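The structure appears right after this line, and notes come after that.
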Amino acid sequence: MVKTFAALLSLLLGGLLLLPALAAHAENDKWYRVEILVFDNPAGANAEEWEALPTLAYPDKTTYLIEPDHPLARPSGKPSAAEQPHSRIAPSATVPTSLSAMPFSTLPSSQREFNSEAARLAREERHDVLFHQAWLMPIGPQSRAIPIVLDTSGDDAYWTRLQGTVTLYVSRYLYLKTDLWLNTSGDYLDSDWRMPAPPLGPVTSSADLTRAPDPLAGGIAFSNSLDSPTTTTNATTSLAAPAQPLDDWKDNDRSQAVYPDVLQEPVYPFRHAVTLRQIRRMRSTEINYIDHPMVGLVIKVTPLPGTSR
């Protein structure tokens with residue numbers, strides 16, 4: 001028993017001693033400016049025969065975007081939190097002295113390069129902008145890459161049209177991995193069949209469940225701790241979710257939803273979901289387009305001067 005305890009203590013101390021080294025590696029990663037614009041293309045609904053029951057899940061470890069006015073967005077010089085299973089990592093890391101923003105802190109809308117494209121899409125009746133944000137972050141090897149959740153479904157206890165994660169890493173070249181899905185009204189289905197509800201996103205312990213849900217919200221900030229990850233699960237909460245009849249939902253703006261005033265179990269207001277799963281090699285400073293019949297994703301990753309390894 002004593003030997004077993006000593007062995008466990010040795011492993012624990014070894015892990016704690018390793019954490020500063022891991023943080024140091026992350027601090028040496030090159031920093032980039034990332035901008036992603038995601039929009040829908042309903043006209044492509046009949047372009048393929050979609051998988052009836054796609055596998056939809058969030059990774060055990062994820063991080064998230066934070067709003068500029070959130071406490072986590074203030075540079076603190078503290079190392080990033082250690083990864084733990086089933087956790088949502090608070091997006092903090094040591095900030096290069098040449099920068100004034102925390103990693104994953106969304107930039108002001110005026111600093112987005114794709115604003116004119118997003119405005120053009122918004123004017124067209126054929127498309128809706130599902131996500132548009134820009135932020136700064138260090139990007140390192142795939143072994144340290146943490147998926148970034150683009151939706152707030154877990155904290156708001158309702159399903160946004162776009163759910164899932166993106167992961168950025170370097171393996172000689174820059175790579176983008178998308179694990180996204182688009183919730184749809186299922187007009188392309190032959191019958192009234194509907195698939196089971198997909199999971200809601202990770203829930204954080206300090207999520208503000210009283211705020212009004214915003215389907216286009218990209219800044220996701222729910223932790224007050226800079227030193228430890230926020231433990232999360234994929235369980236739903238009792239906050240009201242859109243229980244709007246599907247026919248009524250289709251008559252509204254496709255990017256919006258109706259939220260009942262009464263508390264009830266979340267009700268999946270869609271019939272089906274199609275996935276956008278790709279791994280794309282990219283060139284920095286260039287605009288890269290991820291093609292899909294029903295979803296378009298535009299991304300630009302720009303290295304920041306003075307932050308090289």
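Things to note:
- Amide hydrogen neighbours beyond the local backbone of Ala145, cut-off 5 Å, H modeled: none
- Nonlocal amide H pairs with Ser105, under 5 Å, H built at 1.01 Å: Ile66, Leu136
- Computed E for Arg120/Arg280 - FRET, C-beta separation, R0 25 angstrom, nearest 0.05: 0.60
- For segment 181-188, the Karplus equation 6.51 cos²θ - 1.76 cosθ + 1.60, evaluated at θ = phi - 60°, returns couplings of 9, 10, 6, 10, 7, x, 4, 7 Hz by residue, with Gly and Pro reported as x.
- Heavy-atom accessible surface of segment 96-185, averaged per residue, reaches 37 Å², computed with a 1.4 Å probe.
- Applying 0.36 nm per residue to the separation of Gln142 and Arg194 and subtracting their alpha-carbon distance, the gain on full extension is 15.1 nm.
The values are calculated or read from the model by the stated rules, or taken from the named source; none is laboratory data. Here the structure is a predicted model, which is why all the values come from computation and not from measurement. FYI the Cβ positions are ideal-geometry reconstructions off the backbone, even for glycines, and counts take in every protein chain you see. Please note that ligands, DNA and RNA were not included when accessible areas were found on the heavy atoms of the full protein model with its side chains. Shrake-Rupley method; radii C 1.70, N 1.55, O 1.52, S 1.80 Å.
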